[in-house]
Amino acid sequence: CISIIAFFMVLELGRDGLDFRLFFYPGAKRLLHGIRIVLVTALVSGLVVENTTLNPFFRMILLATHLRNFQQELLSVMKMIPQIVYILTVLGIVVIFYGWFGVVLFYGTEQGDASFPNLIEGVWTLWICITTANYPDVMMPSYNSNRLSGIFFVSFMIISFFYLMNLILAGVVNNFDNNIEQRKEERSTLAASLLKKAFQVMDPDDTGRVSREAIMLVFYILNEDFPEIRRLSKDEANLIFGFLDRDGSSTITLDEFLDFGNVLLLEFTKESDYATLVEIYLPKVYHSWWYQFLCIAVRSKGFEYFIDFVLVLNAAII
């Protein structure tokens, strides 16, 4: 596993032309590659000294450095912590206060010995109580002896669980929504900036327009060098250019070119006005799943090969 990770790191270095300045380019790239090297070194050191206690944690962190979505969500969580730290502080004060009050209130009782022997144990008991893992069982010893002791636990749950925890949840949801909107704005701004730079490259004379031939060349480059983008046929390329060329000048302005990314996502399907007899007179049969499956099977290459095989076999027998 370590050998494979090290091998891929060497491949990434080779992709950068064996240039360490590009491999450790300032920013997120330098941070991620630095963390990976440190973690791989730590994993190898653990194997050498035969101490692999921390290796599972190192592997988890190493995996996180390769998960872009996880990194984005972790960054969102780190950004929202300052926004909810005040509510968390109030929650901590409430837990500590009730923990101290529980130590004093239940001193020398069965409830005190079991759940509130000291402040630390009392705070831990109430923290578990917030998760409802031990509620209402935790208050049963004191509640069985004195019903009024239930006020202590019920009031604590109302303040902490039903009020403060809902405030924290609302803060988390609001911050997450704000982060999503911020990401969309950042992506839109970045896309517009990159499209402007691309337009300037295709318009070296600064005429404000790009010719049809240049746009068609862009489609050709996308087809040849970018397999992650669906391949465009000649007809699709002409249609996309037609959508971009809103003024019909056979050239593309900067405002029109800014829609390049959105237009590129369009999908086209060919439809014919021809209709079969089944489609006209038996529409229910035509739209049934078994008839559509039969149509796909008949139009497939496998069916053509089957017919050819039958014809060849028939000729050989005759």
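Restricted to segment 231-248, and to residues there that are closer than 19 Å to I221 by Cα and of a type in the set (D, E, K, R), the residue that is surrounded by the most Cβ atoms within 10 Å (Cβ to Cβ) is E236.
Just one residue in the set A237, A214 is under 16 Å from L264 (Cβ atoms) and modelled with pLDDT of 85 or more; that residue is A214.
Tallying residues that are of a type in the set (D, E, K, R) and closer than 30 Å to Q83 by Cβ within segment 144-171 yields 0.
Does segment 103-115 contain any residue that is among the aliphatic types (A, V, I, L, M), open to solvent by less than 70 Å² (accessible area, probe 1.4 Å) and without any contact (Cβ under 8 Å) to a residue 24 or more places away in the chain? Scanning segment 103-115, I find at least one residue that is among the aliphatic types (A, V, I, L, M), open to solvent by less than 70 Å² (accessible area, probe 1.4 Å) and without any contact (Cβ under 8 Å) to a residue 24 or more places away in the chain, so the answer is yes. Just one of the listed residues (P136, P204, P141) is more than 17 Å from I87 (Cβ to Cβ) and surrounded by fewer than 11 Cβ atoms within 10 Å (Cβ to Cβ), namely P204.
On inspection, A191 passes the criterion of being part of a helix (DSSP H, G or I), among the small types (G, A, S) and either open to solvent by 100 Å² or more (accessible area, probe 1.4 Å) or under 30 Å from S249 (Cβ atoms) (or both). Cβ-Cβ distances below 7 Å connect the following pairs, each with a first residue in segment 280-309 that is small (G, A, S), a second residue that is surrounded by 10 or more Cβ atoms within 10 Å (Cβ to Cβ) and assigned to a helix (DSSP H, G or I), and a separation of six or more residues or different chains: A297/F303.
Considering (1) in contact with a helix residue (DSSP H, G or I) (Cβ under 6 Å, 6 or more places away or on another chain); (2) open to solvent by less than 50 Å² (accessible area, probe 1.4 Å); (3) polar (S, T, N, Q), say which one T251 fails and leave the rest. Checking T251 against (1) in contact with a helix residue (DSSP H, G or I) (Cβ under 6 Å, 6 or more places away or on another chain); (2) open to solvent by less than 50 Å² (accessible area, probe 1.4 Å); (3) polar (S, T, N, Q), the one that fails is (1).
Does G17 satisfy the criteria of being assigned to a loop (DSSP other than H, G, I, E, B), open to solvent by less than 90 Å² (accessible area, probe 1.4 Å) and either of a type outside the set (D, E) or modelled with pLDDT of 75 or more (or both)? Yes: the conditions hold for G17. Number of residues in segment 71-121 that are small (G, A, S) and farther than 21 Å from Y163 by Cβ equals 5.
The values are calculated or read from the model by the stated rules, or taken from the named source; none is laboratory data. Computed from a predicted structure; not experimentally measured. Methodologically, a virtual Cβ is constructed for each residue, glycine included, from the backbone with ideal geometry; neighbour enumeration extends over all protein chains shown. We work out accessible area using only protein heavy atoms, side chains counted, and drop any ligands, DNA or RNA first. Shrake-Rupley method; radii C 1.70, N 1.55, O 1.52, S 1.80 Å.
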